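Each remark here refers to the structure printed beneath this line.
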Amino acid sequence: MSDFRHITLLLVEDNPGDAHLVRHDLGNEMLLSFDIVHVDTLALAVKALGHRRFDAVLLDLDLPDSSGLNTVRAMVEEAPDLPVIVLTGRDDIVLGIMAMHVGAQDFQVK
């Protein structure tokens, strides 16, 4: 018997290829199902947070309207109770740890 859980994610990613890969990888998950809302700017993410309930945010650090740790700070300020997982193209563990210090729950190198 399967224990299925449904998770609603806000994916904040400006690179369409990376967004596709995230959707694809999560689509292969066997024990969980995901409803993914994809936006490509921080401003659109904030707007989405006002219109829908999410279980977590997958957040790219570098967006057209925000970059680096400021992106994390802004998202955590907008949704302080929502888990934020940082997605970064930088293979930099120090940056990932710093993101966690400003409010992210975890980070993943793309």
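For residue 53, the criteria (1) more than 11 Å from the chain's Cα centre (by Cα); (2) open to solvent by 40 Å² or more (accessible area, probe 1.4 Å); (3) over 12 Å from residue 9 (Cβ atoms); (4) not small (Gly, Ala, Ser) hold in every case but one, which is (3). Candidates in segment 8-21 are the residues that are at pLDDT 95 or above and among the hydrophobic types (A, V, I, L, M, F, W, C); of these, the one that is nearest to residue 72 (Cα to Cα) is 12. Residues in segment 67-110 that are under 11 Å from residue 42 (Cβ atoms) and open to solvent by less than 20 Å² (accessible area, probe 1.4 Å): 71, 72, 75. Residues that are under 13 Å from the mean Cα position of the chain (by Cα) and not in a loop (DSSP other than H, G, I, E, B) within segment 8-20 comprise 8, 9, 10, 11, 12, 18, 19, listed in sequence order.
The values are calculated or read from the model by the stated rules, or taken from the named source; none is laboratory data. This one's a predicted model, so the numbers in the text were calculated from it and none came from an experiment. Heads up, the Cβs are rebuilt from the backbone with ideal geometry, glycines too, and the neighbour counts pull from every protein chain shown. In case anyone asks, the SASA skips ligands and DNA or RNA and just uses the protein heavy atoms, side chains included. Shrake-Rupley method; radii C 1.70, N 1.55, O 1.52, S 1.80 Å.
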